[in-house]
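The values are calculated or read from the model by the stated rules, or taken from the named source; none is laboratory data. Everything numeric here is computed off the predicted structure, so don't read it as measured data. Here the Cβ positions follow ideal geometry from the backbone for every residue, glycine too, while neighbour counts run over all protein chains shown. Ligands, DNA and RNA are excluded from the accessible area calculation, which covers all protein heavy atoms including side chains. Shrake-Rupley method; radii C 1.70, N 1.55, O 1.52, S 1.80 Å.
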Amino acid sequence: MSKFQHILDTLPYGPSFLFVDGLNSVSEEGVEGYYTFPKHAKYYDDHFKEFPVTPGVLLTECMAQIGLVCLGTHLLNGNIENIQIGLSETKIEFLKPVFPGTKVVVHSKKIYFRFQKLKCTCKMYDEAGTLICKGTISGMIVNQDVDEKK
């Protein structure tokens with residue numbers, strides 16, 4: 001069992017939409033995690049049928065799950081009961097395609113975490129260390145109890 005399993009266990013995603021296999025490091029300043037895009041994932045059937053490529057939106061989702069949600073969970077000390085996480089802004093530059101079966105590593109660094117908003121810089125690399133995409137991602141962490149009282 002990974003020493004970061006407690007973070008993985010709290011992620012609000014089902015198996016078909018979980019883009020985190022594991023975490024290598026987590027600190028107050030950032031996180032590093034990884035994911036392998038399955039060779040036979042259904043989305044490859046129709047996304048460039050003769051030359052399957054991972055959709056950019058899924059690369060963004062992978063970076064958000066590892067770089068934002070996992071880090072946010074850590075920063076909240078795992079106390080994520082009664083909260084919702086919503087992506088509020090992304091600015092991603094795509095540099096290289098990701099093919100079926102590729103393992104990626106995501107590095108995220110916190111820019112700030114205040115007023116229920118977490119903003120990070122994220123970079124995604126392949127196993128050879130080649131930069132695939134990079135950018136900034138931010139999201140809101142909203143406590144449902146507080147918001148329902150308004």
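Determine the sum of side-chain charges near S27: Lys and Arg each +1, Asp and Glu each -1, restricted to other residues whose C-beta is under 11 angstrom from that of S27. Can you show the working numbers first?
Details: positive: K109, K110; negative: E28, E29, E32.
Surrounding charge for S27 is -1.
Just need the relative contact order of region 44-129 here, percent rounded to a whole number, with Cα pairs under 8 Å and 6+ apart. Before the final figure, lay out the partial values.
Details: 80 pairs, mean separation 26.0, N = 86.
This gives 30 percent for region 44-129.
Given a 1.4 Å probe and heavy atoms of the protein chains only, how would you sort L95, L8, largest accessible area at the top? Don't skip to the end; give the middle numbers.
Values: L95 85, L8 30 Å².
The most accessible residue leads, giving L95, L8.
Listed by chain and number, the lysines whose C-alpha is less than 22 Å from the C-alpha of K3, apart from same-chain residues fewer than 8 away, are K103, K109, K110. For the chain, the Kirkwood radius over C-alpha pairs fed into Stokes-Einstein at 37 °C and 0.692 mPa s yields D = 208 µm² per second. Springs between Cα atoms under 10 Å define the GNM used for the chain, and in it the highest mean-square fluctuation of K109, K96, K49 occurs at K49.
Mind checking the full-extension length gain between S27 and K49? Use 0.36 nm per residue of separation minus the Cα-Cα distance, one decimal, nm.
3.9 nm
Can you give the calculated 222 nm mean residue ellipticity of the chain, where each DSSP H run of n ≥ 4 adds -39,500 (n - 2.57) and the sum is split over every residue, rounded to the nearest 500 deg cm²/dmol?
Values: 4 runs with 26 residues, N = 150.
It lands at -4000 deg cm²/dmol.
Length available on full extension from F115 to L18: 0.36 nm per residue minus the Cα-Cα distance, which gives 32.2 nm.
Could you order H6, H40, H107, H74 so the one with the most accessible surface comes first? Probe is 1.4 Å. Please list the in-between numbers first.
Working: H6 110, H40 170, H107 70, H74 45 Å².
The ordering from most to least exposed comes out as H40, H6, H107, H74.
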